[in-house]
Amino acid sequence: MQPPPVVPHSPPLDHDLRLRLFRRVLGFAQHWAPRREDALADADRSWPVLRRMLREIGRRMSAAGAIDAPDVLFWLTREELEAAA
């Protein structure tokens, strides 16, 4: 078995360059983090509405005899849902 190839190390970055890179990355993170949090919060707000809609669809499908119980709707595959519709 051959030893791994020797890769020359690059010289360490000087302090000023490291500090500039850090500040640039920090600025990027500080700029975009609040926007990411807002987007996640908006997406989270829609789940309760979506669950209520799906429960109603499940209730109607169960009442029509297409599925056994309303909550079964959450476990159906797409093919099963299309067959039951």
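Some values worked out for this structure:
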read-out	value
All positions within region 51-85 that are touching a residue at least 24 places away in the same chain (Cβ under 8 Å) and in a helix (DSSP H, G or I)	61
Yes/no for residue 29 being out of contact with any Leu (no Cβ under 9 Å at 6 or more places or on another chain), outside any loop (DSSP other than H, G, I, E, B) and at pLDDT below 90	no
Qualifying residue in region 39-57 (condition: aromatic (Phe, Trp, Tyr) and surrounded by 10 or more Cβ atoms within 10 Å (Cβ to Cβ))	no
One residue from 18, 35 being without any contact (Cβ under 8 Å) to a residue 40 or more places away in the chain and surrounded by 10 or more Cβ atoms within 10 Å (Cβ to Cβ)	18
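The values are calculated or read from the model by the stated rules, or taken from the named source; none is laboratory data. Worth saying up front: this structure is predicted, and the values here are computed from it rather than measured. Glycine also receives a Cβ, built like all others from the backbone with ideal geometry; neighbour counts cover every protein chain displayed.
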